[in-house]
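Inspection log for the structure reproduced underneath, given as structure tokens.
The values are calculated or read from the model by the stated rules, or taken from the named source; none is laboratory data. All values derive from a computational prediction rather than experimental measurement. In this analysis, Cβ positions are derived from the backbone assuming ideal geometry, glycine residues included, and neighbour counts consider all displayed protein chains. All accessible areas refer to the heavy atoms of the entire protein, side chains included, with ligands and DNA or RNA removed. Shrake-Rupley method; radii C 1.70, N 1.55, O 1.52, S 1.80 Å.
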Amino acid sequence: MMEKNYTVQELGKILFDMYENADLNRQSTSIHLFGIMYAPYIINNGYTPKQIINHSTLKDSYYTEVNKGINIYKCISSGKYDIQLVLGQTENKEIKQNTVATTYQTVELFDFITNPFSHRYLTSLLAKPFVILAGNSGTGKTRIAQDVAKWLERKDGTGQTNHLLVPVGADWTDNTKILGYYNPLANDGEGEYVKTQILEFLERAGQNPQLPFFLILDEMNLSRVERYFSDFLSKMETVRYGAAAEDVYFTLDGYPGGKLLFPKNLFITGTVNVDETTYMFSPKVLDRANVIEFKPNAKDVLDNFVQEAVEEESGIAPDGMAESFLELALEIRTSTRLQGGDGMMDTVVPILEAVQNVVQDTEFAFAYRTTKEIRHYVNAAYKINPEANITSIMDEQVLQKILPKIHGNRSQLKDLLEKLSQVCQTFSLKESEAKIDFMQKRLRNSQFASFM
């Protein structure tokens, strides 16, 4: 550690200078770097990120960005990970650092993206390779999916990338739009299997099992999802992870060899808008995904009228990061028990029991799949940050795994929502409580409510 010490006023001035001198699209990154560089002084002197922000004259909300940098420093200095951080003073009070990309850096290093949903999205991808991003048009759903994919971008020997964005059409009435079909009249009557860009993408994923492959289905509910996506839903539940697990295949008539590998390194994100041109999801679909609703803060939306927010480019992750992300995902999905010790159990189990007691005699009861996927999500969150607030993590899971399936009329939902609201109040599940409050208002106004 450097011998010099700093007052909170000096640290505020240093932060301001680093922010002002940063490239326009790297200003938030400069705040993270400040948190890493000066974490020893902040921690040892008992300063808080908010105190430093107050002395920097930057926006109050930036204290969370300072805190991210401090958390990265804590992870590096804990000795738990294969990362080295050498602090040394230079003329510009910069640090010399030698970092080795590891599994657990992925989320923290990506977290410079200003979208507040990035952390939940990445945790969801690690826990289950199917995530639904819901919300009004223009809220950043497709952008965040693309940012993550580009951040972890890798190219194969042909120069093609490991991510693909495909707009779903209203004419997707069966799986041929994804898996292709055999045309017996093609090739002068000799027949030919007509491949889609998605099928070719799946082939590349199977040929590069060490890399994550990201398929983004934009406006996924423009057609009925069950009609074109049922094969994927089935294979997702069939596939097993781990060295001894057998591979799972699509059976395709006319396809060379007759079967196509369902890649274990495939991550699927569906973005959805909810309006009169789209279809609602069935419980079968919702039960197999984490559903993240994008609802921007009203103040941020209005601030954007005065001055448009600067969106940083995601860039490309360091070498080894994409592979490490996949390794962590596979590790989490093969876990059979909740990690984090008795303290974790003491928080998670009572919340699950309370929620189950409310929904168990309704059509919204959850079973083994849901509890397993919630366990994976909690383990993913714990892997990313062992100091994460487990109550907040469970709040996210009630919001993303339990509430999306709830829909119905006043007689079905009035008592149910009231009881769930009481559970949320008891355990301080603030995000879920706010969503239930919104659903209750909709129920009173229109006699019907749903998550989306």
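What tally of residues in region 39-68 results from selecting those that are in a helix (DSSP H, G or I), at pLDDT 85 or above and closer than 15 Å to Met18 by Cβ?
9
For residues that are open to solvent by 40 Å² or more (accessible area, probe 1.4 Å) and assigned to a helix (DSSP H, G or I), scanning just region 321-340, find the one that is nearest to Arg288 (Cα to Cα).
Leu330
Do we have Glu396 as farther than 20 Å from Val291 by Cβ, part of a helix (DSSP H, G or I) and acidic (Asp, Glu) here? Break it down stepwise before answering.
On the way: farther than 20 Å from Val291 by Cβ: no; part of a helix (DSSP H, G or I): yes; acidic (Asp, Glu): yes.
It is false that Glu396 is farther than 20 Å from Val291 by Cβ, part of a helix (DSSP H, G or I) and acidic (Asp, Glu).
Collect the residues in region 377-394 that are of a type outside the set (Ser, Thr, Tyr) and open to solvent by 10 Å² or more (accessible area, probe 1.4 Å), keeping them in residue-number order.
Lys383, Asn385, Pro386, Glu387, Ala388, Asn389, Ile390, Ile393
Test each condition in (1) within 21 Å of the chain's Cα centre (by Cα); (2) in a loop (DSSP other than H, G, I, E, B) for Ala205 and report the one that comes out false.
So Ala205 meets the others, but not (2).
Each row is one residue, and each column tells you yes or no for (1) more than 21 Å from the chain's Cα centre (by Cα); (2) closer than 24 Å to Ile316 by Cα; (3) crowded, with 16+ Cβ neighbours inside 10 Å; (4) among the aromatic types (Phe, Trp, Tyr).
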residue	(1), (2), (3), (4)
Ser124	no, yes, yes, no
Gly157	yes, yes, no, no
Lys177	yes, no, yes, no
Asp188	yes, no, no, no
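Inside region 231-281, can you point out the residues that are among the aliphatic types (A, V, I, L, M), within 22 Å of Leu125 (Cα to Cα) and loosely packed, with under 15 Cβ neighbours inside 10 Å?
Ala243, Ala245
Test of understanding: among Arg240, Arg227, which residue is out of contact with any Gly (no Cβ under 6 Å at 6 or more places or on another chain), more than 25 Å from Glu323 (Cβ to Cβ) and modelled with pLDDT under 95?
Result: Arg227 is the single residue among Arg240, Arg227 that is out of contact with any Gly (no Cβ under 6 Å at 6 or more places or on another chain), more than 25 Å from Glu323 (Cβ to Cβ) and modelled with pLDDT under 95.
Do we have any residue at all in region 410-417 that's in a helix (DSSP H, G or I), open to solvent by 20 Å² or more (accessible area, probe 1.4 Å), touching an Asp or Glu at 6+ places or on another chain (Cβ under 9 Å) and not basic (Lys, Arg)?
Residues of region 410-417 that are in a helix (DSSP H, G or I), as a first pass: 410-417.
Adding the requirement that they be open to solvent by 20 Å² or more (accessible area, probe 1.4 Å) leaves 410-412, 414-415.
If we keep only those that are touching an Asp or Glu at 6+ places or on another chain (Cβ under 9 Å) as well, we get 412.
Now restrict to residues that are not basic (Lys, Arg): 412.
Yes.
Determine the pairs where a residue that is in contact (Cβ under 8 Å) with a residue 40 or more places away in the chain, located within region 196-220, has a partner that is open to solvent by 40 Å² or more (accessible area, probe 1.4 Å) and of a type in the set (Asp, Glu) with Cβ atoms under 7 Å apart, the partner being 6 or more residues away or on another chain.
Gln210/Glu323; Leu211/Glu323
Exactly one condition in (1) open to solvent by 60 Å² or more (accessible area, probe 1.4 Å); (2) under 20 Å from Phe232 (Cα atoms); (3) out of contact with any Phe, Trp or Tyr (no Cβ under 9 Å at 6 or more places or on another chain) is false for Pro184; which is it?
(2)
Of the conditions (1) in a loop (DSSP other than H, G, I, E, B); (2) in contact (Cβ under 8 Å) with a residue 24 or more places away in the chain, Lys235 fails just one. Which one is it?
Evaluating Lys235 over (1) in a loop (DSSP other than H, G, I, E, B); (2) in contact (Cβ under 8 Å) with a residue 24 or more places away in the chain leaves (1) as the failure.
Can you name the residue in region 366-376 that is in contact with a helix residue (DSSP H, G or I) (Cβ under 9 Å, 6 or more places away or on another chain) and open to solvent by 40 Å² or more (accessible area, probe 1.4 Å) and, of all such residues, is modelled with the lowest pLDDT? Let's see the steps before the verdict.
Pass one, region 366-376, residues in contact with a helix residue (DSSP H, G or I) (Cβ under 9 Å, 6 or more places away or on another chain): 366, 369-371, 373-376.
Within this subset, residues satisfying the condition of being open to solvent by 40 Å² or more (accessible area, probe 1.4 Å) are 369, 371, 375.
On the way: Arg369: 91, Thr371: 94, Arg375: 94.
Among residues in region 366-376 that are in contact with a helix residue (DSSP H, G or I) (Cβ under 9 Å, 6 or more places away or on another chain) and open to solvent by 40 Å² or more (accessible area, probe 1.4 Å), the one modelled with the lowest pLDDT is Arg369.
Quick one: what pairs do we get from region 36-55, first residue closer than 13 Å to Asn71 by Cα, second modelled with pLDDT under 85 and in a loop (DSSP other than H, G, I, E, B), C-beta under 6 Å, 6+ apart or different chains?
Met37/Ile95; Pro40/Met1
Anything in region 240-261 that is over 19 Å from His376 (Cβ atoms), in a loop (DSSP other than H, G, I, E, B) and in contact (Cβ under 8 Å) with a residue 24 or more places away in the chain? List them, or say none.
Within region 240-261, Leu252, Asp253, Gly254, Tyr255, Pro256 meet the criteria.
If a residue must be outside any helix (DSSP H, G or I) and buried (at least 21 other Cβ atoms within 10 Å of the Cβ), how many such residues does region 399-409 contain?
Summing the residues that are outside any helix (DSSP H, G or I) and buried (at least 21 other Cβ atoms within 10 Å of the Cβ) in region 399-409 gives 1.
Looking for something part of a helix (DSSP H, G or I) and touching a strand residue (DSSP E or B) at 6+ places or on another chain (Cβ under 8 Å) - is there at least one such residue anywhere in region 419-426?
No, region 419-426 contains no residue that is part of a helix (DSSP H, G or I) and touching a strand residue (DSSP E or B) at 6+ places or on another chain (Cβ under 8 Å).
For region 356-365, state whether one or more residues are exposed (fewer than 15 other Cβ atoms within 10 Å of the Cβ), of a type in the set (S, T, N, Q) and at pLDDT below 90.
Kept after step one, since they are exposed (fewer than 15 other Cβ atoms within 10 Å of the Cβ), are these residues of region 356-365: 357, 360-363, 365.
Keeping just the survivors that are of a type in the set (S, T, N, Q) gives 357, 360, 362.
Okay, now just the ones that are also at pLDDT below 90, so none.
No.
Which is touching a residue at least 24 places away in the same chain (Cβ under 8 Å) and either closer than 30 Å to Asn67 by Cα or in contact with an Asp or Glu (Cβ under 7 Å, 6 or more places away or on another chain) (or both), of Val378, Val359, Val355, Val349?
Numbers: Val359 fails: either closer than 30 Å to Asn67 by Cα or in contact with an Asp or Glu (Cβ under 7 Å, 6 or more places away or on another chain) (or both); Val355 fails: either closer than 30 Å to Asn67 by Cα or in contact with an Asp or Glu (Cβ under 7 Å, 6 or more places away or on another chain) (or both); Val349 fails: touching a residue at least 24 places away in the same chain (Cβ under 8 Å).
Only one candidate passes the filter, namely Val378.
If you take the residues of region 424-452 that are open to solvent by less than 20 Å² (accessible area, probe 1.4 Å), closer than 21 Å to Glu363 by Cα and aliphatic (A, V, I, L, M), which of them is nearest to the chain's Cα centre (by Cα)?
Among those that are open to solvent by less than 20 Å² (accessible area, probe 1.4 Å), closer than 21 Å to Glu363 by Cα and aliphatic (A, V, I, L, M), it is Ile436.
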